[in-house]
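Comments concern the structure below.
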Amino acid sequence: MTELPSLTSVGSLGLQVNSGPQSSPEEVPTACSRPRHSLGILHASYSVSHQVGPWWDFTSCRQQWDRQILKDVSLYIESGQILCILGSSGSGKTTLLDAMSGRLRRMGTFLGEVFMNGRLLHKDQFQDCFSYVQQSDTLLSNLTVRETLRYAALLAVRRCSPGFLQKKVDAVMVELSLSHVADRLIGNYNLGGISNGERRRVSIAAQLLQDPKVMLFDEPTTGLDCMTANQIVVLLAELARRNRIVIITIHQPRSELFQLFDKIAILSCGELVFCGTPVEMLDFFNGCNYPCPEHSNPFDFYMDLTSVDTQSKEREMETYKRVQMIESAYKESAIYHKTLENIERAKHLKTLSTVPFKTKDSPGALSKLGVLLRTLGLYPEVARFGYFSAALLAPHLIGEFLSLVLLGMVQNPNVVNSMVALLSVAGIFVGSGLIRNTEEMSLPFKILSYFTFQKYCSEILIVNEFYGQNFICGSSNGSVTTNPMCAFTQGIQFIERTCPGATSRFTTNFLILYAFIPVLVILGIVVFKVRDHLISR
């Protein structure tokens, strides 16, 4: 971990407070130093409107109630710094991150400006500037860590050789200490796999593949134990020291983390109560006659101090007045005016680079489709994807026409739905070979399987996915015959074991499968004609 700047002790706890980088944004970077970037949010406000009643009630439809989620929030942060945003539930932390990254929903009204290196961002530029790691991890449990990052790299970067992508993935795994679990499955609660902390590191690593300069994290410590949460925050602080801007929202951080943050912001009811360095925070609240008691966690104390207690009306009014007093004192302080001055000063700098701040040259739609096919385990060929889609389209159409045929006999839609579901499940059991190989079934079931469309559909899918595939499992030192996962080394072996002769029936299966559609259409017409004839008599 990089060495921290000048530190000061807090109370008898011995807490060390990071005073943060003290360089001015006016500094011109030398040839040996990396350029420092800046992010400024100026007078950001966001409100949503909702109708009072349902749309068909014209009286209440005209009435609306407005809710102010953010109110006049201004922040400034530079690269090499990590900003921690504190606040109780509903204070607007996630909304502030969404406002910074241009992810706000259109149903609300956003007022304010977001500046990168002093330049006002437009709607089409937000995606090129920010990497956003959401609170919940959206990872595929059946992939390994290396496969997950490789697919993420293929979706983010194009025109790169496989060797370059592999080096990039390996470098990111080393940076986030994931090399020791590179070949382990992501897993889930039922399957097992890597730990929650390692899973969170994989989510961060997937964003680092685009070399972002600004990274936003929404509650990165949610669901983690104290030690793992502490390690994640330390990791994010290290990422910030490598010439990045890191902004996180967090609930109840440990007191040991007080020294890691360069800036701390506190939100209460959508208003910015304070934003500054840890040293400035201690001085500011001391000036407001709210010094942090000894042996207390500053985060807990200041969170309680700036939260509105809604247990009773009297308590709510008392705490709300206190929050308003602290917010007014902050708006009049030199810390707030310094923030506004830094934002204005950055507008006049000409030495900083423009957007984008991360890799923008992403693959095209067809390339991404190929990557997704590999991720799902499908054979990555356009022709095979067409066969796959056609084989799945037919059962949907057959199910619809089968429902129409049954509706001509039974006029209760609920009964028809139950009958179609029952016939579909029975067809899967008898015709697909899911439970038992059709060749090993008794003669009545074998004959019945030829009347199920599932037989032809499953044979098409099996041949389409397994033909030409080769499987490698086990180790070179052990015998493959002792490993049950190595029962098949070639896809053709699995095809002949599951549905013998299916490769020679591939075209015939398609013709028979789609022949079900006109047969059912004709049968449906006949059934409805017969029903009309019987009703007329």
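The values are calculated or read from the model by the stated rules, or taken from the named source; none is laboratory data. If you're wondering where the values come from, they're calculated on a predicted model, not measured in any experiment. A quick note on method: Cβ atoms are made from the backbone with ideal geometry, for glycine too, and the neighbour counts reach across all protein chains shown.
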Q. Can you name the number of the only condition in (1) in a helix (DSSP H, G or I); (2) closer than 18 Å to Leu96 by Cβ; (3) of a type in the set (A, V, I, L, M, F, W, C) that Phe301 fails?
A. (2)
Q | segment 413-443 - residue that is in contact (Cβ under 8 Å) with a residue 24 or more places away in the chain and of a type outside the set (A, V, I, L, M) and, of those, nearest to Glu459 (Cα to Cα) | A | Ser432
Q.
Tally up the residues in segment 75-100 that are among the polar types (S, T, N, Q) and touching a Cys at 6+ places or on another chain (Cβ under 8 Å), please.
A. 1
Q. If you go through segment 163-214 one residue at a time, how many are within 18 Å of the chain's Cα centre (by Cα), assigned to a helix (DSSP H, G or I) and not hydroxyl-bearing (Ser, Thr, Tyr)?
A. 12
Q) Using beta carbons and a limit of 9 Å, which pairs, at least six apart or on different chains, have the first residue in segment 383-399 and charged (D, E, K, R) and the second one surrounded by fewer than 18 Cβ atoms within 10 Å (Cβ to Cβ) and assigned to a helix (DSSP H, G or I)? A) Arg384/Leu373
Q: Check off (1) more than 35 Å from the chain's Cα centre (by Cα); (2) crowded, with 19+ Cβ neighbours inside 10 Å; (3) assigned to a helix (DSSP H, G or I) for Ser328 and give me the number that stays unchecked.
A: (2)
Q: Determine if segment 126-143 includes at least one residue that is touching a Phe, Trp or Tyr at 6+ places or on another chain (Cβ under 7 Å), modelled with pLDDT of 85 or more and buried (at least 16 other Cβ atoms within 10 Å of the Cβ).
A: yes
**Q.** Which listed residue, of Glu294, Glu318, is more than 25 Å from Asp98 (Cα to Cα) and touching a Gly at 6+ places or on another chain (Cβ under 6 Å)
**A.** Glu294
Q: Filter segment 306-317 down to residues that are in a helix (DSSP H, G or I) and at pLDDT below 90 and give me whichever is nearest to Val214 (Cα to Cα).
A: Glu316
**Q.** Qualifying position, being surrounded by fewer than 14 Cβ atoms within 10 Å (Cβ to Cβ) and at pLDDT below 85, among Ser504, Ser432, Ser536
**A.** Ser536
Q: Could you please find all residues in segment 192-243 being at positive phi, in contact with a strand residue (DSSP E or B) (Cβ under 6 Å, 6 or more places away or on another chain) and of a type outside the set (D, E, K, R)?
A: Gly193
Q. Regarding Gly192, is this residue outside the structural domain of Gly90 (by TED's automatic domain parsing) and surrounded by 17 or more Cβ atoms within 10 Å (Cβ to Cβ)?
A. no
Q | Subset of segment 265-310 [touching a residue at least 12 places away in the same chain (Cβ under 8 Å) and among the charged types (D, E, K, R)] | A | Glu271, Glu280, Glu294, Asp300
Q: State the number of residues belonging to segment 321-335 that are within 22 Å of Ile250 (Cα to Cα) and either hydroxyl-bearing (Ser, Thr, Tyr) or in contact with a Leu (Cβ under 7 Å, 6 or more places away or on another chain) (or both).
A: 1
Q) Of all residues in segment 116-162 being among the aliphatic types (A, V, I, L, M) and part of a strand (DSSP E or B), which is farthest from Lys93 (Cα to Cα)? A) Leu120
Q: All but one of (1) touching a residue at least 12 places away in the same chain (Cβ under 8 Å); (2) in the same structural domain as Gly92 (by TED's automatic domain parsing); (3) surrounded by fewer than 18 Cβ atoms within 10 Å (Cβ to Cβ); (4) among the aliphatic types (A, V, I, L, M) hold for Leu120, so report the exception by its number.
A: (1)
Q: State all residues of segment 94-123 that are among the basic types (Lys, Arg) and under 17 Å from the mean Cα position of the chain (by Cα); if no residue qualifies, say none.
A: Arg103, Arg105
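To keep it simple, each residue is scored yes or no on (1) of a type outside the set (Asp, Glu); (2) modelled with pLDDT of 90 or more; (3) over 22 Å from Phe130 (Cβ atoms).
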{"site": "Met227", "(1), (2), (3)": "yes, no, yes"}
{"site": "Asn230", "(1), (2), (3)": "yes, no, yes"}
{"site": "Glu238", "(1), (2), (3)": "no, yes, no"}
{"site": "Ile245", "(1), (2), (3)": "yes, yes, no"}
{"site": "Ile250", "(1), (2), (3)": "yes, no, no"}
{"site": "Leu267", "(1), (2), (3)": "yes, yes, no"}
{"site": "Gly270", "(1), (2), (3)": "yes, no, no"}
